[in-house]
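Below is one structure; the comments refer to it alone.
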Amino acid sequence: MEEFIIQHHHLEQKTILNMKKAIFLLIIFLIAIVGFTFVNAIVTSRHEYKKKYDFVISNIEIDAKGDLTFYDSINNKYFFASYRFNEFDKLGISVGDKVFKDHYSKKLIISRKINDKYKIYHIQQPNGLIPFSLYSY
């Protein structure tokens, strides 16, 4: 009987160690996912910061959260990581508005055509997940 108790106790210790190992691996996995997401957001934001944008919006798509995705005349998709546009912001951005951002510029400018001339309608500062100072070096 004593041998059975010792074997049972040893089995319980193995089970506890396996559970601790599984929890540890789960935590490492979750940290890796969050880390990958964060690094990806920095890389994407840095790419956007370096890039120049100059297009007229030909279509706007709104997702379930209300975030806006813009399309140009050749159906290129523009969903910015550094500049979030949401229908609930009540900016009134619409088809025909022009999006402009120069290389290494902090500001993304939305212009609206008035009397055959584009005039600045809205200037968007970076407002994404990652603070501007982390990718604007």
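Just so you know, all these numbers are worked out from the coordinates, no wet-lab data involved. These numbers come from a predicted model, not from an experiment. Positions of Cβ are backbone-derived with ideal geometry, glycine not excepted, and every protein chain shown enters the neighbour counts.
Under the definition of Cα pairs under 8 Å and six or more residues apart, what whole-number percent is the relative contact order of the range 52-126? Result for the range 52-126 is 28 percent.
A dipole drawn for the chain from +1 and -1 charges on Cβ atoms has a positive end, and of ASN76, ILE110, VAL43 the residue lying farthest that way is ILE110.
The overall shape of the range 52-126 is rounded: from the C-alpha gyration tensor, with semi-axes ordered a ≥ b ≥ c, the ratio a/c is less than 1.5.
Taking a Cβ cut-off of under 12 Å around TYR53, the surrounding Lys, Arg, Asp and Glu residues balance to a net charge of +2, with basic ones at +1 and acidic ones at -1. What fraction of the Cα pairs in the range 1-135, stated in percent, has a spacing above 26 angstrom? In whole percent, the share of Cα-Cα pairs in the range 1-135 beyond 26 Å is 44. For ARG112, the shell of other residues with beta-carbons less than 13 Å away shows a net charge of +2, using +1 for Lys and Arg and -1 for Asp and Glu. Length available on full extension from ASN75 to HIS47: 0.36 nm per residue minus the Cα-Cα distance, which gives 8.0 nm. Extension gain for the segment LYS113 to PHE88, taken as residue separation times 0.36 nm less the Cα-Cα distance, is 6.7 nm to one decimal.
Among the listed pairs LYS50/LYS113; LYS98/LYS119; LYS77/LYS113; LYS52/LYS106; LYS52/LYS98, those with a Cα-Cα distance over 18 Å are LYS50/LYS113; LYS77/LYS113.
The mean sequence distance of close C-alpha pairs (under 8 Å, at least 6 residues apart), as a share of the length of the chain, puts its relative contact order at 22 percent.
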